[in-house]
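Taken together, the values in this text are just the output of simple stated rules run on the coordinates, not laboratory data. Note that the structure is predicted; figures quoted are calculated from it, not measured. Note: ideal-geometry Cβ built from the backbone for every residue, glycine included; neighbour counts use all protein chains shown.
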Amino acid sequence: MFTNPEVPLESLPGADDLDWHPLHPRFVRRLQLGALLRVLVIGAIGAAAYSLMKAGDSAAMGRGADALLPFALAAFGLFAASVLVWPVIAVPRRGYVVREKDVLYKTGVLWRSVKAVPFNRVQHTKIDSGLLDRHFGLANLSVFPAGAGGHKIRGLGADTAERLRVYVSERIEAEAIEPGDDGRSPPPDPAAEAGATPDSGPAADEG
Amino acid sequence: MSPSESGAWRRTSPFAILFFIGRTIKSFTRSLIQLIATFGALAVLIERNPQVALAIPVGIAAIVAAGVLQYWFFRFRIEEDRIHIHQGVVRRTALDLPFDRVQGINVERSLIDRILGLVTVSLDTAGSATAEGQLPSVTSELADDLRTRIRAHRPAKVADDIGAGDVPAAPADGVARESSARADSAGQVLLELGAGDIVRIGLANRNLVVAAAFLGIFGQSVDFAADTLRPILESAGDAFAGAGVLVQALVVTGFVLLGLAIVLLGALLRYHGFTLWREGTAYRTRAGLLTQREVVVETRKIQQLTLSHNLILRLFRRHRLRALPAALLPNQGGADTPGLQLAEVLEVPLLQGPEAEDLRTRLFGREGGALSLLPRSPGFRRVSPHYIRALTLRISVTTAFVALPFLIPLLQSNAGTHLADAVQGLLGETPLLGAGSPGTVALGVFLWWLVVIPPAALIGWVRWRRQGYLHDGDGLASRSGFVGRKVDAFLFRKAQSVEVTQSPLQSRKDLATLHVRLACGQVVVPYLDLGEASWLRDHILYRVESSRRRWH
């Protein structure tokens, strides 16, 4: 049932041996700071719960709190250590490649994934950066095809993200021209607007 | 008046007031909870202060008035290449819709519409909300006129990729083909469903199967109904031995008949007179007993074909075919703004295998000739048997977790003590296994997990047998299912993104899962050989990136 198509197997451009671009080195620090903030919030909630249980009238509850304390501390310590160390393991295993016709993004430590989005299917692109991202001079680039399942490449340098977005927009426009289109039909429009949208958005400028 | 009069602002027929009233009521009662809350509040108010009841006719009058006003302010104007729709009483909106933005025209005719010869036209667009492009209660001539205008306006050269061609045809050829397509655009009926088919659709209704299972499990609870009936029957037909059983049987039969009647009526209402026909480059279906719905889908808009059958359809040797267009086209302004709209799915509720294959070749054209929608096709290849292991693990662990809230109290009670005693009898005294101790609970959960493994493995094996894939140079068909079966087929050039994932188990065995995302959803082929998955990914990317044809 298997028919070989017009392109010989070996000449098909492969996506296996590529030079993956790493994410920005500061991204690890950014994720760790984010994790630290979360850890502090959870710790504060835990401490508040403990002091409430101790301050309560019921002596049994106070004793229960004391009995639970070592377990809670151990679990909290484990959680804190893992979320603080995790970025060091996970970030070097992420990476992206921009080719002439598509953009690839790989991610995952145990469950790995490599996803490719061809430029001629991209509807629009988006750059966003949160408070922490901006503090570290980082930005996230999203690429949306129709339907679900685009990229969200987190932890790019702000200037890299902008350059990438411009390149992607150029590629979208180059790929979107189709023979037989009179220029009024839908496909070129998203591409044109994709170029315009992030520029007018505040996120791209503030970083 | 001529239906195609250009340039004049017009209102629809006054019967559209009904449509607007319906829409107002619908928008008030977006959710059932809202409806219940409203009626509850009203009931309480009326109970406290009966004069509030006067508000009801006032409210009804207000809704009717709103309908009339909306009708009055709804105007449209058809021009050469576009349609303008102005509407809104307080918040005026003006829609300017160029015809080449229109993805499809769907027509719905309610019972009243049909008596009066009117239709409600919906213009599917890739951008705006659906409700904006609706023309309620216009004459069917106007709908036909609109359809011909929109078709005529489609860029002529694009039209040639609608045809079955793989290779872009030379212009002259394209024009010739286009004109020949025009010639038979009167319509070529491909499929009609008769009364027997409607009965089959009704019987295959999934709710009926579920209800039957439900009745089987909770059959005991019909006793209460039998209890209420018994006096009547006993007084009528005197007492004879086994009357109770008879009554119960009668009640069960009654329930079954009622369920049958409901599903058959449902199928009749929805699919009566189902007709599928080709019109130029589009496929149209029309069905419905009271409200007649018409769906038109252009061939090139179709992203994926899904053929499925459940247990009952399998007995009938029939299938259900759905042709999915791009489900959610993001608004042109950006994905964050609302305005995603659902395109109509072309559905053939019942057809035979050869008919399905015939439709596939029509819809996919010259491409994907080696594909098959039939689950029994010998072309399908199995995925790696390691899939069974992964499924077994997944199902058994999930089941164990779901059972935890029931297992833990059970193990802390007497049952746990018995278990601990039994194990200690085998292994000798162990301090870990006190009554209700964590050791006992852990042991109990572990044993439960062991018990769950064989059925999970059986489910995994059945699902592995159902799983399969089949591809040629143009497209891929993926088969899956457990009780029923489903085949998803698509052409490579319609893909939006491709992803290859590997779980830890897959990494060890050099296997991978291929996810192909289309504009209408996702097709997944699990547990492929890594090389095969990578090759498919590269090949799909090659087909997408070298394709110069529109995907929608």
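The table that follows gives values for the structure above.
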quantity: Burial ordering of A:V91, B:V251, fewest other beta-carbon atoms within 10 Å first; calculated: B:V251, A:V91
quantity: Chymotrypsin sites (Phe, Trp or Tyr not before Pro) within region B:448-552, DSSP loop, no more than 13 other Cβ atoms inside 10 Å; calculated: B:F482
quantity: Point-to-point label distance, B:V345-A:I45, nm (Cα→Cβ direction, 7 Å offset); calculated: 3.8 nm
quantity: In nm, spacing of pseudo-spin labels at B:L54 and B:E141 (7 Å Cα→C-beta vector); calculated: 4.9 nm
quantity: Exercise: per-residue mean of other protein chain Cβ atoms within 10 Å, B:372-381; calculated: 1
quantity: Calculated FRET efficiency for the pair B:S546/B:V90, C-beta based, R₀ 41 Å, to 0.05; calculated: 0.20
quantity: Environment charge of B:A326, counting only residues whose C-beta is closer than 13 Å and scoring Lys/Arg +1, Asp/Glu -1; calculated: +3
quantity: Region A:36-159 - percent relative contact order, Cα under 8 Å, separation 6 or more; calculated: 13 percent
quantity: 19 Å reach of a label modelled at B:A195, 7 Å along Cα-to-Cβ, counting backbone N of region B:260-277; calculated: B:260-275
quantity: Dipole axis of region B:423-552 (+1 Lys, Arg; -1 Asp, Glu on Cβ), positive-most option in B:L470, B:L447, B:V500; calculated: B:L470
quantity: Centre separation in Å (Cα based) which lies between region B:355-387 and region A:86-150; calculated: 33 Å
quantity: Inter-label distance, nm, simple model (7 Å from Cα along the C-beta direction), B:A261/A:A81; calculated: 7.0 nm
quantity: Under 13 Å, Cβ to Cβ, from A:G108 - net charge with Lys/Arg +1 and Asp/Glu -1; calculated: +4
quantity: Order of A:K126, A:K101 under a 10 Å beta carbon neighbour criterion, fewest first; calculated: A:K101, A:K126
quantity: Which listed pairs, of A:K126/B:K486; B:K486/B:K509; A:K126/B:K494, have C-alpha distances above 32 Å, in listed order; calculated: A:K126/B:K486
